[in-house]
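This report concerns only the one structure given below.
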Amino acid sequence: MTLKKAITLLILVLISTNVFAQAKKLDKIITKDYQVIECTISKISDKTVDYSMPNETMIIEIAVSKIARIDYASGRSQTFAQAETVPESAPSQANNTSVNQAATFKQNTIAVLPVPFVNSENMTDSEEMSKFAQNDIYNKLLDKSSHIVSLTVQDLRTTNSLLRKAGIDYKNIDETPIDELQKILGVDNIIAAKVSYTVTQNQTTAAYTSQNAKVHDNKVKANESTVANTNTQLLFDYHVYFDMYKNNTKIYTQNRKPLLNLKDSWMDTVSYLLKRSPIYVK
């Protein structure tokens, strides 16, 4: 083998090795503060996980207590659950017998608040649409659970029952501080959304002209008729506000208008904002 062929073969081997390394799937460590670490895991113990970054040999150690979930390159996922505790700030049952008593605290749990659905022209709100929007966000969280950082979604009936006992509904939800809501609901994560809208009418008129001719006494008589059709289309102008809280701190806030003026276009905007939130992992 000539030197030139040997060098060419060596280059091809190096290129193949590099391509293989780049194509190699990585493990994903998702931490409880929503960071995603793409790496290669080398060792897992009861207290720590050892990993290395792509194209590096240095071993990094992370405590298991900081990990919410691991998505392995093989496709398997492992969730690191944490026992329920009662936070120090939560009032004790003995000292608080009112309806505002804090629920049992559940870590890594997210609740969806009722969604004020307000007509910004006359400031009226709809209880039916508020419940519908709350259900829509709740169902989206469940449908996308494989993409959600290791969080348990609190059942809507539990959320609404606890709020109702505390005298809170879609009308006054905005007036209640987040720290109080987290105590009432017993969760450390909250989604608070709001939808404002206006409705306008767009009318279009189309005219159609038809002609017919009749022969009478060897004379041609033409008749002409015009028919006008008017179509009325309702245009919905939505503005969606989307906030996310963790441990009383706002970690995500966005507002957006849908691209289209359709009746249900706000739902697409909610999906868009949810997929760009810190709890969503692709």
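The table for this structure:
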read-out	value
Full-extension gain in nm, Phe236 to Lys66, via 0.36 nm per residue minus C-alpha separation	56.8 nm
When each of Lys24/Lys275; Lys47/Lys194; Lys66/Lys250; Lys25/Lys131; Lys47/Lys140; Lys171/Lys257 is checked by Cα-Cα distance, pairs over 32 Å	Lys47/Lys194; Lys25/Lys131; Lys47/Lys140
Longest to shortest principal axis, alpha-carbon extents of region 111-218, angstrom	93, 36, 18
Order of Asp243, Asp179, Asp46 under a 10 Å beta carbon neighbour criterion, fewest first	Asp46, Asp179, Asp243
Fewest-first sequence of Val195, Val187 by Cβ atoms within 10 Å of each Cβ	Val195, Val187
Qualifying GluC sites (Glu not before Pro) for region 117-217 [loop in DSSP, other Cβ within 10 Å: at most 13]	Glu121
Alpha-carbon Rg/Rh ratio, for region 25-79, with Rh computed the Kirkwood way	0.92
Length gained when the stretch Arg164-Thr104 is fully extended (0.36 nm per residue, less Cα-Cα span)	20.0 nm
Low-density loop cleavage sites - trypsin sites (Lys or Arg not before Pro) in region 107-166, where at most 16 other Cβ are within 10 Å (DSSP)	Lys144
Theoretical gain in end-to-end length, Ser45 to Ser145 [0.36 nm per residue, Cα-Cα removed]	33.3 nm
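Every number in this text was worked out from the coordinates using simple rules, so none of it is lab data. Keep in mind the model is a prediction, meaning the values are calculated, not measured. Ideal geometry is used to build each Cβ from the backbone, glycine not excepted, and the neighbour counts take in all protein chains shown.
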